[in-house]
1. Could you check residue 379 against (1) crowded, with 18+ Cβ neighbours inside 10 Å; (2) among the basic types (Lys, Arg); (3) under 19 Å from residue 356 (Cα atoms) and say which number it fails?
2. When you scan region 168-277 for helices (runs of 4 or more DSSP H) that lie fully inside it, which ones turn up with 2 or more residues that are modelled with pLDDT of 50 or more, open to solvent by 90 Å² or more (accessible area, probe 1.4 Å) and basic (Lys, Arg)?
3. The conditions are (1) at pLDDT below 90; (2) in contact with a Leu (Cβ under 6 Å, 6 or more places away or on another chain), and residue 106 fails exactly one of them. Which is it?
4. Quick one: residue 418 ticks every box in (1) under 23 Å from the mean Cα position of the chain (by Cα); (2) over 23 Å from residue 366 (Cα atoms); (3) open to solvent by 20 Å² or more (accessible area, probe 1.4 Å); (4) touching a residue at least 60 places away in the same chain (Cβ under 8 Å) except a single one, so which number is it?
5. Consider residue 344 against the criteria (1) more than 17 Å from residue 321 (Cα to Cα); (2) open to solvent by less than 10 Å² (accessible area, probe 1.4 Å); (3) of a type outside the set (Phe, Trp, Tyr); (4) assigned to a strand (DSSP E or B): it satisfies all of them except one. Which criterion is unmet?
6. Can you name the residue in region 376-407 that is among the basic types (Lys, Arg) and part of a strand (DSSP E or B) and, of all such residues, is farthest from residue 323 (Cα to Cα)?
7. Tell me which residues, restricted to region 81-106, are in contact with a Lys or Arg (Cβ under 6 Å, 6 or more places away or on another chain) and under 18 Å from residue 144 (Cα atoms).
8. Could you list, in sequence order, the residues of region 352-375 that are over 33 Å from the mean Cα position of the chain (by Cα) and in a strand (DSSP E or B)?
Amino acid sequence: MEKEPSNNLDVLRDEASALEIHQYESPPGAEKQHVIKLEDLEEYVKTMTENEGFAEQYNMLKTGQLKDWTVGMKPENKNKNRYSTLLPYDETRVVLNPLKNDPHSDYINANYIDGYNTSRAYICTQGPLEKTVADFWRLIWQEEVCKIVMTCNIVENCKMVKAESKVDVLGLLKILRGQRVNLVETVEQYAFVHHALTEVLFGDNPCRQAEEFPLYFKNLTKIDCQTETTGMQTQFERLERETAKFRESRANTNTLTERKAKNRVADVLAFDCASTSNNHLNTVYVHGYGVKEALITIECPSPFATNDFWQLVHESACQTLVLLNGVSLSDKCCSTFWPESGSRYYGNLKVDHVGTEQTQHLIIRNLKLKNPVEDHKSRLIKQFHLSGWQKEDTIPPSAEAIITLLQVVERWQHKTKSKPTIVVCRDGVSASGIFCAASFLFRQKQLEKEMDVYEAVRTIRTNEPNFIRSVDQYRWVYEVACGFGRFKTPSD
């Protein structure tokens, strides 16, 4: 007999007096479910998050194989499965119309999934293997599918993704466990379903078509008579609440203790997502729109860390450097870390200054990097140095300056097809956060013709929780997004 789980939800109800949770008897064979009134959902998700109730609820779910999957285990079908432990259940698998002279061609790793009061509302299938692509399209044709939701990238880090597809729906409930094993694999995913549902039902949708964006931004800056605050402030406060846990969960205590003395700003620290062998650098890998680890942010290297900086450039295969703040030879914390002329060695790496161009907003330095010991070939690197952003300023000199910078960086990246862009500012956060968010939106507009500032900042905060720490910086991200298309692309 299964042990009856402790009813921590009653405790949660006491803590949130406005929260009403109804429990009812589930159908035979199903697990106990908790039904929340729609008007109580936000408070319920907030309380469950604060008290780790989702972890307890998730642990009530049955795991592992629940039904037979003998067809998927047949020798003739094994090579059609991406993973040997993720197979379709016999009673809910999709059976393809067999091909002539091939009795085993009815198999595909796919299950029917029931929706709310709807049987077979979805089909869950793995990302096709090279040998099963034809079977995948036979499934699409046979089942008359008109919508395909893909929840994994096709390519990451220049390699084909080796991950199974999952159903991307908000209604991932316990009943799914009886149709496909491991649909919800972690507590994090389970909690995400609840947060996503809350956002869809109650949240303002900040994603707007590019042509609608200026008007949306204008309305956000208006003061609400009832709350005496702007929509911008309300949205930023919601973002703060939603991402506050990142600052706690991302920090690695040992790493922070070791690096704290070396960091220029006490509360700006690198997190687990930082990946470098160089002890003197505070680096963070940051996701772009649809691109994993598109950027590397770093504080301006002090004189004793310049060798480590160029080692990072060399190892990451970077060809694009972005410098957002001014530097000075007299600045002990952030001095010039490249040769202004001629050549200079940083450790065993040689950097040649090839030339400098200057525009209204930018200083563009052409540098060549090589390791004479390992390779005689040089790598051309462009450093795009934004003019006018003083180290004490938390916002850029102008939206036009940032947009110009994004345009030339995007053009150079496209031309070189190079690895991550390294973004440098005085503390690695204050200016870099605005650039990373703007870069996310710039690409989103190019690909989707729409933008979502809230999602952009939330995404980059998963990598560095200290990005965009004030409503003024948040507003500036909107200012930059509104300026896309207003300024012409500078000539090469």
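1. Failing condition for residue 379: (1).
2. Per the criteria, 231-249.
3. (1)
4. So the condition that residue 418 fails would be (2).
5. For residue 344, the failing item is (2).
6. 379
7. The answer is 96, and nothing else.
8. Across region 352-375, the qualifying residues are 352, 353, 354, 355, 356, 357, 358.
The values are calculated or read from the model by the stated rules, or taken from the named source; none is laboratory data. If you're wondering where the values come from, they're calculated on a predicted model, not measured in any experiment. FYI the Cβ positions are ideal-geometry reconstructions off the backbone, even for glycines, and counts take in every protein chain you see. Surface accessibility is based on the protein's heavy atoms, side chains included, excluding ligands, DNA and RNA. Shrake-Rupley method; radii C 1.70, N 1.55, O 1.52, S 1.80 Å.
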